[in-house]
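**Q** Take this structure, written in structure tokens, and hold onto it; I'll ask about it next.
The values are calculated or read from the model by the stated rules, or taken from the named source; none is laboratory data. A quick note: this is a predicted structure, and the numbers were derived from the prediction, not measured. Positions of Cβ are generated from backbone atoms using ideal geometry, with glycine treated the same way; all protein chains shown enter the neighbour counts.
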Amino acid sequence: MTSEDYVAKKMAQLIRQGATLTQYTCPVCGTPLLRLRSGKYYCAKCDREVVVVRSDEEEREVTIRYGLINVRDVVFSKIMELSRELGKVNDIDDVNRYAVTLTNLLNALGMINKLIGEQGKSTTGPQT
Ligand SMILES: [Zn+2]
């Protein structure tokens with residue numbers, strides 16, 4: 001089953017449970033958002049609650065939050081790339097260089113996660 005199929009199936013299931021499809025789309029992936037019976041907006045693809053923007057201030061916060069999430073994704077993919085490369089190198093200097101970069105990236109990831117956590121205090125995602 002592809003992830004698209006999975007998302008569609010999940011959305012259908014939620015709609016059967018009383019959620020409604022809205023005109024809003026997810027700022028991260030563009031998938032139409034569902035409004036859950038609790039009144040919260042939810043992206044089935046990202047599997048997270050999405051804050052629908054209502055004011056300029058809220059919009060700024062949401063933009064920052066999703067910006068940070070994008071940065072985190074980039075940093076994470078670099079970490080994965082580097083760790084694959086690290087597995088291939090044998091020269092001690094190369095290993096050292098990769099290790100330093102990896103450490104920096106992991107630190108950055110930790111900081112970004114902390115920032116996202118602080119930003120998201122008022123809006124908790126789905127507990128999975
Ligand atoms: Zn999404």
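**Q** What are the residues in region 19-42 that are within 13 Å of the ligand (Cβ to nearest atom), more than 15 Å from VAL7 (Cβ to Cβ) and part of a loop (DSSP other than H, G, I, E, B), if any?
**A** PRO27
**Q** Which condition number in (1) within 16 Å of the ligand (Cβ to nearest atom); (2) within 13 Å of the chain's Cα centre (by Cα) is the one that SER77 fails?
**A** Condition (1) is where SER77 drops out.
**Q** Which is among the acidic types (Asp, Glu), away from the ligand (no atom under 16 Å from the Cβ) and touching a residue at least 40 places away in the same chain (Cβ under 8 Å), of GLU61, GLU49?
**A** None of the other options fit; the residue is GLU61.
**Q** Which condition breaks for TYR41 when tested against (1) out of contact with any Asp or Glu (no Cβ under 8 Å at 6 or more places or on another chain); (2) assigned by TED's automatic domain parsing to the domain that holds GLU4?
**A** (1)
**Q** Here's another thing I want to ask about it. LYS45 passes all but one of (1) touching a helix residue (DSSP H, G or I) at 6+ places or on another chain (Cβ under 9 Å); (2) of a type in the set (Lys, Arg); (3) within 27 Å of ASN104 (Cα to Cα); which number fails?
**A** (3)
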